[in-house]
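Worksheet for the structure shown next.
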Amino acid sequence: MKKKIVVAITGASGAIYAKLLLEKLHQLNDQLTEVAVVMSDNAKQVWKFELDNEEYNNLPFKFYSKHDFMAPFASGSAKFDTMIIVPCSMGTLGRIASGVSDDLVTRAADVILKERRKLILVARDTPLNLIHIRNMQTVTEAGGIICPAVPSFYNKPKTIEDVAMTVVNRIIDLVGLDNETYRWGDK
Ligand SMILES: Cc1cc2nc3c(=O)[nH]c(=O)nc-3n(C[C@H](O)[C@H](O)[C@H](O)COP(=O)(O)O)c2cc1C
């Protein structure tokens, strides 16, 4: 079944994960009915700072303002089945864990959880304090998936993009999309 996905980008380090994920989703377009994107203000700043561009303006997806409470995915009836927050700041994690739905990112996450659909938080910070860990536990207990922005190295990545793709490919697997990628055990 084709997927209807919301991608939220927040102000944690790792804009590259969001960029590569959106590019990958574009490649896997035939498995998707829709990809809607919302960025926090801080995400825009971090993207510009870390990637030296504002390329998100060129991506072929519909972007929503985080102040747009009329966006379809602010309601469960729009039937988006998956939401990915990538990267997910500790602030956004905390607001979701406490049910503070004060912008479109946190409202959409709240909706996905209440509808018992799939919420994937690509949480990023290090080290973690007890509040972060407890918030991750709360979101996990509510049905969300914490997929930390922690790359792997057993496929011997050569470039920064290769390293970041190890996280992006795990996200794609969690969403449930078919994807050709390195898999441990493959010849
Ligand atoms: C360059 C940069 C990197 C940051 N990296 C992180 C990070 O990895 N994790 C995190 O939780 N916050 C990080 N922050 C702080 C968040 O941007 C800040 O807490 C912000 O209020 C998050 O807002 P948002 O969740 O609405 O995007 C970073 C900020 C900057 C400027």
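Some notes on this structure:
- Using alpha carbons only: equivalent-ellipsoid semi-axes of segment 143-187, gyration tensor based, whole Å: 18, 14, 9
- The Rg/Rh ratio of segment 86-187, with Rg taken over Cα atoms and Rh as the Kirkwood radius over Cα pairs, comes to 1.02.
- Each residue in T166, T126, T140, T82 was given a count of other beta-carbon atoms within 10 angstrom of its own, and listing them fewest first yields T126, T140, T166, T82.
- For G14, net neighbour charge (Lys/Arg +1, Asp/Glu -1) across residues whose Cβ lies under 9 Å away: 0
- Stokes-Einstein translational diffusion, segment 1-99 - Kirkwood Rh over all Cα pairs, 1.567 mPa s, 4 °C, in µm²/s: 93 µm²/s
- The protection proxy used here, the mean number of other Cβ atoms lying within 10 Å of each residue, ranks peptides 92-98, 157-163 as follows, highest first: 92-98, 157-163.
- Viscosity 1.567 mPa s, 4 °C: Kirkwood-radius Stokes-Einstein D of the chain over Cα pairs, µm²/s: 78 µm²/s
- From its DSSP helices (H runs of at least four residues, each -39,500 (n - 2.57)), the chain gives a residue-normalised ellipticity at 222 nm of -11500 deg cm²/dmol.
Throughout, read-outs are computed from the coordinates displayed, never taken from laboratory work. Everything numeric in this text was worked out from a predicted model, so none of it was measured. No Cβ is skipped: glycine too gets one built from the backbone with ideal geometry, and neighbour counts run over all protein chains shown.
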